[in-house]
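All remarks here apply to the structure that follows.
The values are calculated or read from the model by the stated rules, or taken from the named source; none is laboratory data. Note that the structure is a prediction, hence the values are computed from the model and not measured. Positions of Cβ are generated from backbone atoms using ideal geometry, with glycine treated the same way; all protein chains shown enter the neighbour counts. Areas reflect the complete protein model, heavy atoms only, side chains present, ligands, DNA and RNA absent. Shrake-Rupley method; radii C 1.70, N 1.55, O 1.52, S 1.80 Å.
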Amino acid sequence: MTMMSRRVLSVVVCLAVALLALPVQAEEVTQSFAAPMERVWDVTRAVLKQQGWEIDKEDRTIGWIATKPKRMEGEEFGVYAKGTMHKLVLHVKAAGGNRTTAGVERSVFKRERIMWIEKDEPLTVTNRDVEKALLAAIEKSL
């Protein structure tokens, strides 16, 4: 192998490893509502809390809400925890007139925590029932 082909091969291997390390992008489920953005925003926050989701970060000006991870299954023993978690990112946008569009992305991952060090492994999930149920609850509460 020539010096040039070794460099090309090492660059290709590095890129492949970097791509594998990227988190799995969640697919967004969206729904449009016949209500102003302010009303949908307030109802969305209330429904999240009602369903046991804690809001981690939010920015009303750009219509973005991120939840804290919520345990789906697993156990916690003080300094050690292992299980499957999921978290949500919501996008609430005015869609013109008296309409608002809300989108929900759900990330699912395996988490192992030893002391204060967390190791997350993204999982691919095709079932969108959680996202659809949340949007249905928002619609019902409007």
Cut-off under 22 Å on the C-alpha distance; same-chain residues fewer than 8 positions from Lys93 excluded. Which lysines are left, in chain and number order?
Lys49, Lys57, Lys68, Lys132, Lys140
Counting only heavy atoms of protein chains, what accessible area per residue, in Å², does segment 23-116 have with a probe of 1.4 Å?
58 Å²
In what sequence, highest mean first, do 73-83, 95-105, 126-136 appear when ranked by Cβ atoms within 10 angstrom?
95-105, 126-136, 73-83
Quick one: 3J(HN,Hα) in Hz for segment 78-94, Karplus 6.51/-1.76/1.60 with θ = phi - 60°, rounded, Gly and Pro as x.
x, 8, 10, 8, 8, x, 9, 10, 9, 9, 10, 10, 10, 10, 10, 10, 5
Please sort by residue number the trypsin sites (Lys or Arg not before Pro) in segment 34-77 whose DSSP state is loop and whose Cβ has at most 13 other Cβ atoms within 10 Å.
Arg60
On the first, second and third principal axes, largest extent first, how far apart are the outermost C-alpha atoms of segment 33-74 in Å?
39, 18, 12
Taking 2.2 N^0.38 Å as the expected size of a compact globular protein, what ratio does the Cα radius of gyration of segment 44-142 give against it, to two decimals?
1.21
